[in-house]
Amino acid sequence: MQSTLHHKLSAAFLPTHLDIVNESHRHAMRASDSHFHITLVSNAFMDQTLLARHRAVNKVLADELAGSVHALTLNTMTPDEWAAKGGLVEASPKCKGG
Amino acid sequence: MEPILQQIDEIVKSNPIVIFMKGTPQFPQCGYSSRAAEAIKACGVEFAYVNVLADMEIFNNLPRYQDWPTFPQIYVNGELIGGSDIVVELHQRGDLKPMLEKAASTPAA
């Protein structure tokens, strides 16, 4: 699954940085391919709202989200925003069972 | 519009700020819902919530309403703002509080 996500996102966004972490182990009730933390840095996000960026990612991964992928933590940035953050992103929240 | 989507639409349009979440702001049952609710609570404005785990019809149909596949979903003045990551990022940027304060002071449509 992780390589599928990587492949699809790479093809769709030509990212300058792409990091996908499988966090499914933190969610005891879920399958092994259920929770992912994706950091995607791309020029494609230039002049796009956060809503538009997340919509674009959700669209590319629609099949996976309809299947085993239950939740994504998404960090969508342009290269400038990524540099301004010093290449750091916030951790995903702790699972509460739902 | 189908009755269930109509029902969701009425909830969205009659509340200036509403979060559809798993659990309640007091007892969230999902880390993402919890984080989003905390960000909204931190803004100190009144908001409405819908526990999607308590209404399976809303749970099953909300993703179709604005073509957004995941929970939570946060609507301000009838418009989808996004999910947990977006609300938290807006909060960190300092953009969430003024947005919610403005919505809270506007009468519902």
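The values are calculated or read from the model by the stated rules, or taken from the named source; none is laboratory data. None of the values given here were measured: they were computed from a predicted structure. All Cβ positions, glycine included, derive from the backbone under ideal geometry; neighbour counts span all protein chains shown. In case anyone asks, the SASA skips ligands and DNA or RNA and just uses the protein heavy atoms, side chains included. Shrake-Rupley method; radii C 1.70, N 1.55, O 1.52, S 1.80 Å.
Overview of values
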item: Test for A:Leu51: is it crowded, with 18+ Cβ neighbours inside 10 Å, of a type outside the set (Lys, Arg) and closer than 21 Å to B:Pro72 by Cβ; result: no
item: Entirely in chain A, the strands (runs of 3 or more DSSP E) that have 1 or more residues that are at pLDDT 95 or above and in contact with a Pro (Cβ under 7 Å, 6 or more places away or on another chain); result: A:35-41
item: Residue, surrounded by the fewest Cβ atoms within 10 Å (Cβ to Cβ), within segment A:64-94, restricted to residues that are in contact (Cβ under 8 Å) with a residue 60 or more places away in the chain and under 20 Å from A:Ala12 (Cα atoms); result: A:Pro79
item: Failed condition for A:Leu61, given (1) over 17 Å from B:Ser84 (Cα atoms); (2) within 14 Å of another protein chain (Cβ to nearest Cβ); (3) open to solvent by 40 Å² or more (accessible area, probe 1.4 Å); result: (3)
